[in-house]
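The structure appears below as structure tokens.
The values are calculated or read from the model by the stated rules, or taken from the named source; none is laboratory data. Predicted model only: the values in this text are computed from it and were never measured. Backbone-built Cβ (ideal geometry, glycine too); neighbour counts: all protein chains shown.
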Amino acid sequence: MDIEKAKEFFHSIPMEELSDEIRKRTGLSDLIFNTKIIDREYRLIIEYDSQDIVEKVGFLKLIFRELRVKAEGLVERSKSGDELVFWCTVDMDYYHPGGGHNGFPFLYARYTDKTGWHFEEYHGI
């Protein structure tokens, strides 16, 4: 895949629509997201994560040292090969006070120029 075309495609995606969907599903209207683009061996990997929200979860902050909403995904060619697709899973990403780290997915998102955004609850594989 042409990485420059993949980057151009990614920068054309209305990511605020993904942010709005995440805010709606979490009930956290003040989430702010940062994007990190990783060019790795002909793949464009996207990391999209929020600020630490541990102070917003009440007593649960006793079991989480850090809590973020994080999306990780790829830009790649569609199965038919005629368009580029961005897809990601959106997780609650957390660190425990003892140092452990994990996450749990709750949303799958997919974007193409032809169809726009498609969101669905993520139920795992």
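Return the residues of the range 57-69 that are modelled with pLDDT of 90 or more and surrounded by 15 or more Cβ atoms within 10 Å (Cβ to Cβ); say none if nothing qualifies. Once the filter is applied, which keeps residues that are modelled with pLDDT of 90 or more and surrounded by 15 or more Cβ atoms within 10 Å (Cβ to Cβ), the range 57-69 yields PHE64, ARG65, LEU67, ARG68, VAL69.
Taken as a whole, the condition of being surrounded by fewer than 17 Cβ atoms within 10 Å (Cβ to Cβ), part of a strand (DSSP E or B) and either out of contact with any Phe, Trp or Tyr (no Cβ under 9 Å at 6 or more places or on another chain) or without any contact (Cβ under 8 Å) to a residue 60 or more places away in the chain (or both) does not apply to GLU72. Of the residues making up the range 111-123, those that are part of a strand (DSSP E or B) and exposed (fewer than 15 other Cβ atoms within 10 Å of the Cβ) are GLY116, HIS118, GLU120, GLU121. Filtering the range 23-63 down to residues that are assigned to a helix (DSSP H, G or I) and among the charged types (D, E, K, R), which residue is farthest from PHE86 (Cα to Cα)? Filtering the range 23-63 for residues that are assigned to a helix (DSSP H, G or I) and among the charged types (D, E, K, R), the one farthest from PHE86 (Cα to Cα) comes out as LYS61. Within the range 96-110, restricting attention to residues that are touching a helix residue (DSSP H, G or I) at 6+ places or on another chain (Cβ under 9 Å) and assigned to a strand (DSSP E or B), the residue that is surrounded by the fewest Cβ atoms within 10 Å (Cβ to Cβ) is PHE106. Please determine, by comparing only the residues of the range 97-120 that are in contact with a Phe, Trp or Tyr (Cβ under 7 Å, 6 or more places away or on another chain) and free of Cβ contacts under 8 Å to residues at least 40 places away in the same chain, which one is farthest from LYS24 (Cα to Cα). By that ranking, first place goes to HIS101. All but one of (1) in a strand (DSSP E or B); (2) in contact (Cβ under 8 Å) with a residue 60 or more places away in the chain; (3) of a type outside the set (Val, Ile, Thr) hold for LEU18; which doesn't? Tallying (1) in a strand (DSSP E or B); (2) in contact (Cβ under 8 Å) with a residue 60 or more places away in the chain; (3) of a type outside the set (Val, Ile, Thr), LEU18 fails exactly one: (1). Pull up the range 1-13, narrow it to residues that are touching a residue at least 40 places away in the same chain (Cβ under 8 Å) and outside any helix (DSSP H, G or I), then point me to the one that is farthest from HIS101 (Cα to Cα). So the residue we want is MET1.
The residues in the range 80-95 that are in contact with a Pro (Cβ under 8 Å, 6 or more places away or on another chain) and either in a loop (DSSP other than H, G, I, E, B) or among the hydroxyl-bearing types (Ser, Thr, Tyr) (or both) can be counted, and the count is 1.
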